[in-house]
Amino acid sequence: MAYRADEEYDYLFKVVLIGDSGVGKSNLLSRFARNEFSIESKSTIGVEFATRTVHVDDKVVKAQIWDTAGQERYRAITSAYYRGAVGALVVYDVTRHATFENVERWLKELRSHTDPSIVVMLVGNKADLRHLRAVSPEDAEVFAEKEKTFFMETSALESLNVENAFTEVLSQIYRVTSKKALDVGDDTAVLPKGQTINVGGKDDVSAVKKGGCCTT
Amino acid sequence: MSGGGGGGTGGGNPSSNLDWRFNQTLRNVQGLLQSRSFPGKVLLTRKSEPLNVHDSPVHSKEITRSYSENDRGDEHACSSHEAEVISSGRTASDTNLQKPNISTSNNANTPPDARGSVSGARATDSARVAKFTKELSRPAVILEKLRELSWSGIPPYMRPNIWRLLLGYASPNTDRREGVLARKRLEYVDCVSQYYDIPDSERSDDEINMLRQISVDCPRTVPDVTLFQHAQIQKSLERILYTWAIRHPASGYVQGINDLVTPFLMVFFSEHLNGSMENWSISDLSPQIISNIEADCYWCLSKLLDGMQDHYTFAQPGIQRLVFRLRELVRRIDEPVSRHMEKHGLEFLQFAFRWFNCLLIREIPFHLVTRLWDTYLAEGDSLPDFLVYISASLLLTWSDKLLKLDFQEMVMFLQHLPTLDWTHHELEMVLSRAFMWHTMFSSCPSHLAS
């Protein structure tokens, strides 16, 4: 492989973080990627990017995570990043019901840009603010079931379930992908391009769905 | 810049020619910085003797000193603030990128003190101040002259007045100035009571959403600077943003515009407060003064954004255009870096979108922002054009480094530029090089054609 030892991986998955502004997407990512949290983090403009490598079974899975701006105005820009994503965390804030209501729109938007087999996790963040809770986990569970997504409540502040949420998404992607026996690691020609986990794009051959994009 | 989109069949510049031009640029930049009394625009002298940019530590020291000489009043505060920031983090490798950087940042860490030693710089500096004073004392300020002077930096205590003039907010005519300002400040107060100070029941759903978005963003606006943590300032910011957004329905509030108010807040507050920014006691100011500051910020923001109307409208075409032009310009200036980025599938939108959206505020330490904005405001209507050159210059500060990075490393590097320990010296380098490239490329559109 073309990378240093610590850069070696078997799978490279692109995951997007979406949801309303201020629900804590950037802090979920910084908690997962660097174990950091900042009370007053700046708003995300356009997209921000981080990676982390995790182990799933005996495989090394590298996640390329795109954190997107929550404001409506940025959708035109951020939706370009949905392309090729094989996983998504759709985040709402358990203390702001409106952010939960908007999840439906986020899902619709996501699904219109990605492969149907994309692994989606509904994430209710800020679960530490128990006294301010406005969305019950039961309601969210029902919704997630209806939308056929996974569901978890998290607290980026208390580092609650953050690891679980991401690794669950990654292992689910792995399960779907490995079934299709696509070993990205076999194809060094694809890897160095970095952004090539185009396994879910509409015009791309989907690794998740059909597999075998490396044979072309 | 007329050559932005390319066009023309091009003069067939072989890449060796480009290399030559690139080296020439670096030499020029250095020459420029050496004889630092510029209003940058005139000094395009070509040094005949070879100047190697990499053995510039000696020069850089002089430059930095002359800069600290140049700065007065609240800039003292900035130096100590900067020292704190440096001690709070940043890996050694970050500062290792360029030899000149090391020498200058060390130098800058030695607080204001070392300044006394360079008496030549003091003379230059007071000469500059005298020039500003002369321009400002005219019955009708000649904006072109003021722009030329301001391009290379404005003495901090003169900034509030000069920014208001450069933006066309204050009248160049001394007799009318106070009257016009008083009228505009009243007009702002009227706007606030008409649009902001109303119950939610009188707002549309969109307006309520916009207000909510603004109130989410105000507390997280430049959160690393304590001034903006002040509740009263956040409230001012909210009123400014909401009023602006309501009066500019084509764009409305777009995240990042909040950042753009902060240099104005800082500069207009500095007019009424002494000492270090960290110690400013906002609560001592009368409501009238705060209202005036707020009004000035509002109008200056409006004037600034008037020149960038389509940067914040749907899909932000103005910004997309600048990103495209940046890519083209980098291709002309530094083919290896451009090829490397392309090979790894890096898109300029992935990092430069924020650069343009927030006018680089997020990419450099805040204590350098006002200096950067002196140049912005001096550019006036040409600012969007020139931003492309500044961005190219900023990006190519790390051209050697970029060549060693893969896709992921590049995205992360460019989204978190190692500028935390930057001093005026590094910023001046970026600006001067931008100026050089602008002079070379925009006057010869074929340089931009492929």
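Readers should treat all values here as calculations from the given coordinates under stated rules, not as data from a laboratory. Quantities reported herein were computed from a predicted structural model and do not represent experimental measurements. Here the Cβ positions follow ideal geometry from the backbone for every residue, glycine too, while neighbour counts run over all protein chains shown.
Can you order the peptides B:391-397, B:163-169, A:49-55, B:272-278 by their average number of other Cβ atoms within 10 Å per residue, highest first? Provide the component values of the computation, followed by the final result.
Numbers: B:391-397: 23.9, B:163-169: 21.7, A:49-55: 17.9, B:272-278: 14.3.
My ranking of the peptides, most packed first, is B:391-397, B:163-169, A:49-55, B:272-278.
Largest first and to the nearest Å, give the Cα extent of region A:70-179 along each principal axis.
Cα spread of region A:70-179 along its principal axes, largest to smallest: 41, 34, 26 Å.
Summarise the partner chain shielding of B:345-356 as one whole number: the mean count of Cβ atoms from other chains within 10 Å of each residue's Cβ.
Mean partner shielding for this stretch: 4.
Taking the number of other C-beta atoms within 10 Å as the exposure measure, put B:Lys145, A:Lys25 in order starting with the fewest. Numbers along the way, then the final one.
On the way: B:Lys145 15, A:Lys25 28.
In increasing order of surrounding Cβ atoms, one gets B:Lys145, A:Lys25.
Please report B:Glu178, B:Glu294 as a ranked list, fewest other C-beta atoms within 10 angstrom at the top and most at the bottom.
Values: B:Glu178 11, B:Glu294 26.
Least to most surrounded, the residues fall as B:Glu178, B:Glu294.
Taking the Cβ of B:Ser302 as the center, what net charge do the other residues with Cβ under 12 Å away carry, scoring Lys and Arg +1 and Asp and Glu -1? All intermediate terms of the calculation are to be shown ahead of the outcome.
Numbers: positive: B:Lys184, B:Arg247, B:Lys303; negative: B:Glu187, B:Asp296, B:Asp306.
Neighbourhood net charge equals 0.
Once phi is turned into ³J(HN,Hα) by the Karplus curve 6.51 cos²θ - 1.76 cosθ + 1.60 with θ = phi - 60°, what whole-Hz value does each residue of region B:140-148 show in order, with x for glycine and proline?
In residue order, the calculated couplings are 10, 5, 8, 4, 4, 5, 5, 4, 4 Hz.
List the residues whose amide H sits under 5 Å from the amide H of A:Phe151, counting only those 5 or more places along or on another chain, with H placed 1.01 Å from N in the peptide plane.
A:Leu122
I need the Debye-formula profile for region A:1-101: one equal scatterer per C-alpha, no solvent, reported as log10 I(q)/I(0) at q = 0.14, 0.19 1/Å, two decimals.
The Cα Debye sum returns log10 ratios of -0.58, -0.96.
For a test of the definition: using alpha carbon positions, the gyration tensor, and the 1.5 limit on a/c, classify region B:281-429 as rounded, prolate or oblate. Present the calculation step by step, with values, prior to reporting the outcome.
Values: a/c = 2.37, a/b = 1.74, b/c = 1.36.
Verdict is prolate for region B:281-429.
Using only the Cα atoms of region A:108-168, what semi-axes does the equivalent ellipsoid have when each is the square root of 5 times a gyration tensor eigenvalue? Give whole Å, largest first.
23, 14, 9
Just to verify a number: FRET efficiency for B:Met412 and B:Leu136, C-beta to C-beta distance, R0 = 60 Å, to 0.05?
Result of the calculation: an efficiency of 0.85.
Determine the shielding of peptide A:35-46 by partner chains: average, over its residues, the number of Cβ atoms on other chains within 10 angstrom of each Cβ.
Details: counts 0, 0, 0, 3, 3, 8, 2, 14, 10, 3, 11, 16.
So the per-residue partner count for this stretch is 6.
Return the average number of partner chain Cβ atoms within 10 angstrom of each residue Cβ along peptide B:163-169. Numbers along the way, then the final one.
Details: counts 0, 0, 0, 0, 0, 0, 0.
Average neighbour count from other chains, rounded to a whole number: 0.
Explain nothing, just compute: Karplus ³J(HN,Hα) = 6.51 cos²θ - 1.76 cosθ + 1.60, θ = phi - 60°, for every residue of region A:62-75 in order, whole Hz, x for Gly and Pro.
Result, rounded to whole Hz: 9, 9, 9, 10, 9, 9, 10, 5, x, 5, 3, 3, 8, 4.
For B:Arg176, B:Arg185, B:Arg239, which order do you get if you count the other beta carbons within 10 Å of each Cβ and list the fewest first? Could you put the intermediate results ahead of the total?
Working: B:Arg176 13, B:Arg185 19, B:Arg239 23.
The fewest-first ordering by Cβ neighbours comes to B:Arg176, B:Arg185, B:Arg239.
By average Cβ neighbour count within 10 Å, what is the ranking of B:246-254, B:297-305, A:141-149 from highest down?
Numbers: B:246-254: 17.0, B:297-305: 22.0, A:141-149: 14.4.
Taking the mean over residues of other Cβ atoms within 10 Å, the ranking is B:297-305, B:246-254, A:141-149.
Which order do the peptides A:33-41, A:113-121 come out in when sorted by mean C-beta neighbours inside 10 angstrom, highest first? Each step should come with its number before you reach the end.
Details: A:33-41: 13.1, A:113-121: 20.8.
Ranked from most to least packed, the peptides come out as A:113-121, A:33-41.
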